[in-house]
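Shown next, in structure tokens, is the structure this report addresses.
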Amino acid sequence: MIKMNFHVMTLFPGLIDNAMGESITGRAIKAGHISVNAVNIRDFAGNRSGSVDDYPYGGGAGMVMKAEPVYMCYKHICGQIQERNQGTAEGGKLPVRVVYLTPQGRTFCQKLAEEYAGEEDIIFLCGHYEGIDERVIEEIVTDYVSIGDYVLTGGELPALVMMDAISRLVPGVLNNCISAQTESFSGSLLEYPQYTRPEHWRDRSVPPVLLSGNHRKLAEWYREQSVIRTALMRPDLLENAELTQEERKLADSINNKKN
Ligand code: 6GU
């Protein structure tokens, strides 16, 4: 069985464990499809007060996370991975990618999630305060990733966003292997609308084609709805979408009407 092992260097391990322990990711942990190893950087402070931050050289507002606790935390995780791989045939993929969550990184996307889903281990580094001493970042980080153009207080929520997106691509995490593929963004089109019972709700009825039982018609309708929806909501995605001539005409007619 394929298993993805997430390791998170953080000052708030509870935030990681609690979020990942719920819903689909929680079930995936119990089933052994993924593992989550949230390690508290504070445990590597190396002093009684447990301080992991200090004033920035050169002055300025806020505090900076010290290099050594982050480095010791990283070494601890490397040791855990090495120990787990003792005696196994493949010995794990090395070097393990270390992802630093920062607004300065490349923007996370479905393609990047697919790339990370092929790894056996991923280490996330979550910063807090005004940042982390640059020297330890240079020493251990391989990837710089942001989840969008806005500023958050720390890297934990971005790490959770990435782990959620990656987890659902790990074989066995979703019930049906089709749904990860059909959904929005795979194939650059948004998902078609969904309906469940009752057939009539507050003057609104389920599109009759969905009740027809005609599989060819259904497939055509799903595809058409995806094209319409993408043209209306995210026309930028259509540039990379593979459309038939007919679908391209449909998309263009919708966008011409809008402008
Ligand atoms: Cl990865 N970190 C922080 N602090 N803010 C962000 C972000 C990351 N991505 C978007 N905003």
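The values are calculated or read from the model by the stated rules, or taken from the named source; none is laboratory data. Model, not experiment: these values are computed from the prediction. In this analysis, Cβ positions are derived from the backbone assuming ideal geometry, glycine residues included, and neighbour counts consider all displayed protein chains.
The table for this structure:
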read-out: Residue check for Val161: buried (at least 20 other Cβ atoms within 10 Å of the Cβ), within 14 Å of the chain's Cα centre (by Cα), within 13 Å of the ligand (Cβ to nearest atom) and not acidic (Asp, Glu); value: no
read-out: Hey, Ala38 aliphatic (A, V, I, L, M) and within 16 Å of the ligand (Cβ to nearest atom) or not; value: no
read-out: Given (1) out of contact with any His (no Cβ under 7 Å at 6 or more places or on another chain); (2) more than 22 Å from Ile166 (Cβ to Cβ); (3) not acidic (Asp, Glu), number of the condition Met65 does not satisfy; value: (1)
read-out: Residue tally, condition farther than 14 Å from Ala67 by Cβ and touching a residue at least 40 places away in the same chain (Cβ under 8 Å), over the stretch 118-149; value: 17
read-out: Near pairs, Cβ below 7 angstrom, 6+ apart or cross-chain, from the stretch 219-240 (within 17 Å of Lys257 (Cα to Cα)) to any residue that is surrounded by 14 or more Cβ atoms within 10 Å (Cβ to Cβ) and among the charged types (D, E, K, R); value: Val227/Glu247
read-out: Answer residue from the stretch 80-116, given it is of a type in the set (D, E, K, R) and assigned to a loop (DSSP other than H, G, I, E, B) and is nearest to the ligand (Cβ to nearest atom) among those; value: Lys93
read-out: Hits in the stretch 56-74 (condition: assigned to a helix (DSSP H, G or I) and over 25 Å from the mean Cα position of the chain (by Cα)); value: Ala67, Glu68, Pro69, Met72
read-out: Some residue of the stretch 110-125 being in contact with a Cys (Cβ under 7 Å, 6 or more places away or on another chain) and acidic (Asp, Glu); value: no
read-out: Index of the failed condition, Glu115 passing every other in (1) surrounded by fewer than 19 Cβ atoms within 10 Å (Cβ to Cβ); (2) touching a residue at least 60 places away in the same chain (Cβ under 8 Å); (3) under 15 Å from Leu169 (Cα atoms); value: (2)
read-out: Test: residue in the stretch 188-198 that is within 16 Å of the ligand (Cβ to nearest atom), at pLDDT 95 or above and touching a helix residue (DSSP H, G or I) at 6+ places or on another chain (Cβ under 6 Å); value: no
read-out: Spans of helices (runs of 4 or more DSSP H) in the stretch 117-233 with at least 2 residues within 28 Å of Gly14 (Cα to Cα); value: 134-140, 156-167
read-out: Considering residues of the stretch 134-151 that are surrounded by fewer than 17 Cβ atoms within 10 Å (Cβ to Cβ) and more than 14 Å from the ligand (Cβ to nearest atom) only, the residue nearest to His33 (Cα to Cα); value: Thr142
read-out: Criterion (outside any strand (DSSP E or B), surrounded by 13 or more Cβ atoms within 10 Å (Cβ to Cβ), touching a residue at least 40 places away in the same chain (Cβ under 8 Å) and of a type outside the set (Lys, Arg)) met by exactly one of Ile77, Ile29, Ile2; value: Ile77
read-out: Flag for Asn176 being under 30 Å from Gly32 (Cβ atoms), modelled with pLDDT under 95, loosely packed, with under 15 Cβ neighbours inside 10 Å and within 26 Å of the chain's Cα centre (by Cα); value: yes
read-out: Filter result for the condition that a residue is within 15 Å of the ligand (Cβ to nearest atom) and modelled with pLDDT under 95, over Gly131, Gly154; value: Gly131
